Amino acid sequence: MTKYSYYLLLSCLMFLAGCQTVEPLAIDYMLPADVSFPPSLKRVAIVNNMPEVPDNKPILAKEKKKDDFEIASKTDYYNGNAAIATESLAEALAHENYFNEVVICDSALRAHDVTPREGALSQEETNRLVHDLDVDFLIALENVQIRSVRKIKYMRDWGIYYGTVDARIYPTVRIYLPNRSTPMATINANDSIFWEETGNGPFVQGNLISEEELIKQASDFAGTIPVKKLLPYWKTANRYLFCGGSVNMRDAAVYARDKQWNTAIGLWKQTYATQKGKKKMQAAYNLAVGYEMQDSIAAALNWALKAQAEARIVDKKDLTHLGKADIPYYVLTTLYATELKERKEGLSRLNMQMQRFNNDF
């Protein structure tokens, strides 16, 4: 989901939460990873394949002043702490209980290089490590880069200083199988972490996170970032039901609260077949939610697309239901249909990735 779509969805939820005829609910579902591991790969070793960094000073620093309120702004680039990131990656993977065993080898494999280098493990190195560590394959941390932006502003209206450090972390990992000359896959991921302090000038300067602590915390965070690309993961999403407008819709909402989805679906179908306009659209939307709650994603998408088609007609005829901050029904239904499409497209890959658990998830 794009950043724009996220804010649109957030606006939709705020709009719907303010309506008395809408009831929010949450759903947990699993999404597939970018990489699929055969069920035969049960034991994995996490290894540190980052080059040695003898003196981790900022690789590059830029300082500038942007406006009258900004006292200072500085951008730095660092290498991450390989040992910390490797341990964090191993712990994060072990916590998911996806593999039978996760072994860590956090000593730097490149420590004895005459010339510091960064490169993939050779087939010979991979085979030796797999044998020595008694595992089926390797996941190697190859690189961790950190970009930090440190700012201090004077907040004139409050008479205080506001300091922030926004760091974006870029870890790279590779997957190695024995007897292969090249890595199975390379994963490049990124995410950000943020710190802030407020107070007088000396307090902010003295308490805003130091470079040493930034590298430590960012490196620990770096190990967790690739996990969603390596393993299937759970997501909690917001859903909501239209509950008013007719006896059927109100009764269906009661059954939905009791998780009696089949009965609620029957009432929503009656409403969809007998009503027009907004009520028809809302019934179709509820049907999509009801089927999704039963893990019938294809049926849920079908009803979401019907709700989208009805929403287009409703919005075209009348937009008086919208306030200044409200979102058209067509946008609302489109966002939901898009999310269901992504779920449907990932189902076959997810089922393949969960075969080791007999698809019990």
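The values are calculated or read from the model by the stated rules, or taken from the named source; none is laboratory data. As the structure is a computational prediction, the values presented were derived from the model and not from experiment. Glycine gets a Cβ as well: all are built from the backbone with ideal geometry, and neighbour counts include every protein chain shown. Quick note on the areas: whole protein, heavy atoms, side chains included, nothing else; ligands and nucleic acids left out. Shrake-Rupley method; radii C 1.70, N 1.55, O 1.52, S 1.80 Å.
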Please go through region 39-56 and pick out each residue that is modelled with pLDDT of 90 or more and either part of a strand (DSSP E or B) or open to solvent by 10 Å² or more (accessible area, probe 1.4 Å) (or both).
P39, S40, L41, K42, R43, V44, A45, I46, V47, N48
Could you tell me whether D326 is in contact with a Phe, Trp or Tyr (Cβ under 9 Å, 6 or more places away or on another chain), at pLDDT below 90, part of a helix (DSSP H, G or I) and of a type in the set (D, E)?
no
Among the residues of region 185-197, are any part of a loop (DSSP other than H, G, I, E, B), of a type outside the set (A, V, I, L, M), under 24 Å from A45 (Cα atoms) and open to solvent by 20 Å² or more (accessible area, probe 1.4 Å)?
yes
Of the conditions (1) touching a residue at least 60 places away in the same chain (Cβ under 8 Å); (2) part of a helix (DSSP H, G or I), W234 satisfies every one except a single condition; which number is it?
(2)
Look at region 277-290 and say how many of its residues are under 24 Å from the mean Cα position of the chain (by Cα) and surrounded by fewer than 24 Cβ atoms within 10 Å (Cβ to Cβ).
0
I'd like the full set of residues that are closer than 21 Å to V227 by Cβ and at pLDDT 75 or above, limited to region 95-119.
H95, E96, N97, Y98, F99, N100, E101, V102, V103, I104, C105
Here is a list: V149, V144, V165. Which entry is on the phi < 0 side of the Ramachandran plot, aliphatic (A, V, I, L, M) and surrounded by fewer than 20 Cβ atoms within 10 Å (Cβ to Cβ)?
V149
Here the residues within region 171-184 that are of a type in the set (V, I, T) and surrounded by fewer than 16 Cβ atoms within 10 Å (Cβ to Cβ) are T182
Do we find that I175 is in a strand (DSSP E or B), within 28 Å of the chain's Cα centre (by Cα) and over 25 Å from Y77 (Cβ atoms) in this structure?
yes
